[in-house]
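For reference, the structure discussed in these notes is given below.
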Amino acid sequence: MTANRHSRRKSFRLTLFNHKGGVGKTTLTVNLAFALADLGKTVLLVDSDPQCNLTSYLVEADVVDKWLDESEGNSGQTIWSALRPVIEEGKAPKLIKPYERSEGIYLLPGDIRLSEYELDLQQSWIDCLQRKIRGFVETTALSTFVDGCADILSADFVLYDVGPNIGPLNRAILMDCDYFIVPGACDYFSTRALKTLGHSIANWIKDWEIISQLAPKDVPQLGGRPVYLGYVLQRFRMYGGDISSGYKEYARVLDRHSYSDVAKVLKEIDEDLAPGSPSQFKLGQIKDFSTLANLAQQQGLAMNDVEGGTQYLKDEAAVAFRQFAQKIISRIAGQ
């Protein structure tokens with residue numbers, strides 16, 4: 001299926017994806033990036049949510065406003081600045097320099113106008129099914145642009161931050177990713193969301209396989225085979241060294257449904273899309289670190305580096321995210 005896929009830098013592309021909102025995707029993504037950087041990895045963060053939460057997390061508000069005001073011009077620095085030539089003029093994406101946030105961490109700033117790209121992607125997908133070259137160019141535009149930036153940085157990881165939906169933009173991003181992880185909160189709606197999530201991704205994979213087989217020679221393509229690494233449990237409280245009773249049952253249900261509603265569904269397409277036994281899909285657990293999350297967002301830092309908060313919680317956060325990052329690296333190495 002990947003024979004005609006455009007050549008790209010071999011950095012690992014992954015996203016924390018859950019179409020249910022409020023599960024902390026952006027906070028997890030930022031803290032995972034800092035943990036990977038602490039392990040010596042170079043990380044390119046891609047803010048592909050039109051809400052620009054990731055950009056707002058890491059960059060001062062006045063700078064974000066300036067970038068958004070100037071994104072249409074020649075000096076534009078956002079993802080929209082890069083993609084606009086593709087959408088409006090049928091040209092190649094414009095290469096923009098990623099913003100260096102700290103050692104080993106770089107950012108491609110988001111833009112509210114990504115919503116315009118998303119509107120076009122709905123038709124682009126149909127055009128791909130009709131073997132129209134423009135459909136392939138537009139559908140792969142973000143992938144092509146990100147590849148150029150990852151190459152400049154020699155990035156080890158590309159982390160996409162995505163919005164909470166199953167729209168055409170997230171579909172194109174998931175099909176560009178090598179891996180995805182499901183963040184799940186300990187609540188009823190998070191467990192319910194897994195069923196539609198698993199089937200949506202399975203359908204996208206099957207659709208892209210058809211598109212790939214129909215594709216004209218030498219058109220750019222996406223990988224189309226995101227591997228499910230597992231889930232990360234979060235937003236629960238501890239008591240006596242264990243998950244407190246009010247959250248424990250949700251944790252058990254989430255663990256069970258992660259396998260039955262996501263891993264098993266993908267394994268029916270191809271065992272390699274969700275490798276491993278049920279116990280291997282739990283990648284980590286990030287408890288409720290109280291005020292640290294808010295302080296981290298206000299200061300643009302990892303939870304363990306903020307000013308304020310209690311030191312023992314910051315130490316626990318450092319350990320939790322380091323173990324999460326190490327588990328991801330280990331799972332990928334085992335593929």
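The values are calculated or read from the model by the stated rules, or taken from the named source; none is laboratory data. Given the structure is predicted, the values throughout are model-derived calculations rather than measurements. We place every Cβ from the backbone using ideal geometry, glycine too, and count neighbours over all the protein chains shown. Accessible surface areas use protein heavy atoms only, side chains included; no ligands, DNA or RNA. Shrake-Rupley method; radii C 1.70, N 1.55, O 1.52, S 1.80 Å.
Which condition does GLY148 not pass, out of (1) open to solvent by 50 Å² or more (accessible area, probe 1.4 Å); (2) assigned to a helix (DSSP H, G or I); (3) not β-branched (Val, Ile, Thr), if it passes all the others?
GLY148 satisfies all of (1) open to solvent by 50 Å² or more (accessible area, probe 1.4 Å); (2) assigned to a helix (DSSP H, G or I); (3) not β-branched (Val, Ile, Thr) except (1).
Restricting to helices (runs of 4 or more DSSP H) lying wholly in region 1-113: which have 2 or more residues that are open to solvent by 40 Å² or more (accessible area, probe 1.4 Å) and either over 29 Å from ARG322 (Cβ atoms) or among the basic types (Lys, Arg) (or both)?
The qualifying helices (runs of 4 or more DSSP H) are 61-69, 79-89.
Being closer than 18 Å to LYS20 by Cβ and modelled with pLDDT under 95 is the filter here, so list the residues in region 137-166 that pass it.
Matches in region 137-166: GLY163, PRO164, ASN165, ILE166.
Of CYS177, CYS149, which residue is farther than 12 Å from LEU14 by Cα and either in contact (Cβ under 8 Å) with a residue 24 or more places away in the chain or of a type in the set (S, T, N, Q) (or both)?
Details: CYS177 fails: farther than 12 Å from LEU14 by Cα.
Only one candidate passes the filter, namely CYS149.
Filter the helices (runs of 4 or more DSSP H) completely within region 228-335 down to those with at least 1 residues that are over 21 Å from ALA202 (Cβ atoms), at pLDDT 95 or above and open to solvent by 50 Å² or more (accessible area, probe 1.4 Å).
Ranges flagged: 292-299, 311-333.
Does region 181-189 contain any residue that is at pLDDT 95 or above and open to solvent by 10 Å² or more (accessible area, probe 1.4 Å)?
no
Could you please tell me which pairs satisfy a Cβ distance under 9 Å, a separation of 6+ or placement on different chains, a first residue in region 31-49 that is on the phi > 0 side of the Ramachandran plot and of a type outside the set (Ser, Thr, Tyr), and a second residue that is in a loop (DSSP other than H, G, I, E, B) and open to solvent by 10 Å² or more (accessible area, probe 1.4 Å)?
Within 9 Å, the pairs are GLY40/GLY104; GLY40/ASP156.
When the residues of region 153-174 are filtered to those that are touching a residue at least 60 places away in the same chain (Cβ under 8 Å) and part of a loop (DSSP other than H, G, I, E, B), which remaining residue is nearest to the chain's Cα centre (by Cα)?
Quick first cut of region 153-174, residues touching a residue at least 60 places away in the same chain (Cβ under 8 Å) only: 153-166, 169-170, 173-174.
Right, trim to part of a loop (DSSP other than H, G, I, E, B) and you get 154-156, 162-166.
Values: SER154: 19, ALA155: 15, ASP156: 15, VAL162: 6, GLY163: 9, PRO164: 11, ASN165: 12, ILE166: 13 Å.
Only one residue tops the list, namely VAL162.
Based on this model, can you work out whether PRO216 counts as under 23 Å from SER260 (Cβ atoms) and either surrounded by 23 or more Cβ atoms within 10 Å (Cβ to Cβ) or not polar (S, T, N, Q) (or both)?
So PRO216 fails the test.
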